[in-house]
Amino acid sequence: YIDNTVTIAADKKFSQDACYKVIAVDNFGFESNPTNSRCKAVVGNQDKLLNVPMEYALHHAFPNPFNPETTIKYDLPEQSKVHLNIFDLLGRKINTLKNNTEDAGFYSIKWNGRDEHGNPLSSGMYIIHISARSLESEEMFTKSQKVVLLK
């Protein structure tokens, strides 16, 4: 789809706000629910806009099972306060990987299978838990996933 109603000025900035909601229509005319559009002023060049996710996500850690480390990827569509923690199966917090404000974007962090003090953990199952609260819309995102540390 090409939107000819939005123009880009010589300085490569959008000259107006742009907001889109996308729906799918099948052959019988049935429509899906619209996407979660985040309508806000568009600032910056087009290349930067393509690098902002549309929704919150916690992707599968890779590798899993892991030894000695695993990579955790997550997406933030808006500036958010992020808490990324590791728990054991009894619910005890083992490590805090993130506890700060981050801009919208795609993120990746490695966890080396160690606790808060740098001590190596034993083989077993652990829980990765992310919570992110948007500083723009107050939306709250939480998700957990299991990872297995094998030694």
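The values are calculated or read from the model by the stated rules, or taken from the named source; none is laboratory data. Note that this is a predicted model, so its numbers are computed, not measured. Just so you know, the surface numbers come from the protein's heavy atoms only, side chains and all, with ligands and any DNA or RNA stripped out. Shrake-Rupley method; radii C 1.70, N 1.55, O 1.52, S 1.80 Å.
With θ taken as phi - 60° and the Karplus curve 6.51 cos²θ - 1.76 cosθ + 1.60 applied, the whole-hertz 3J(HN,Hα) list for the stretch 103-110 is 6, 4, x, 9, 10, 8, 9, 9 Hz, x standing for glycine and proline. If you wrap the tightest convex hull around every Cα atom of the stretch 52-151 and split its volume per residue, you get 84 Å³.
Residue order by solvent-accessible surface for 56, 107 is 107, 56, largest first, with ligands and nucleic acids left out and a 1.4 Å probe. Taken over the stretch 78-129, the percentage of Cα pairs per 10 Å bin, counting from 0 up to the bin with the maximum distance, is 22, 51, 23, 5.
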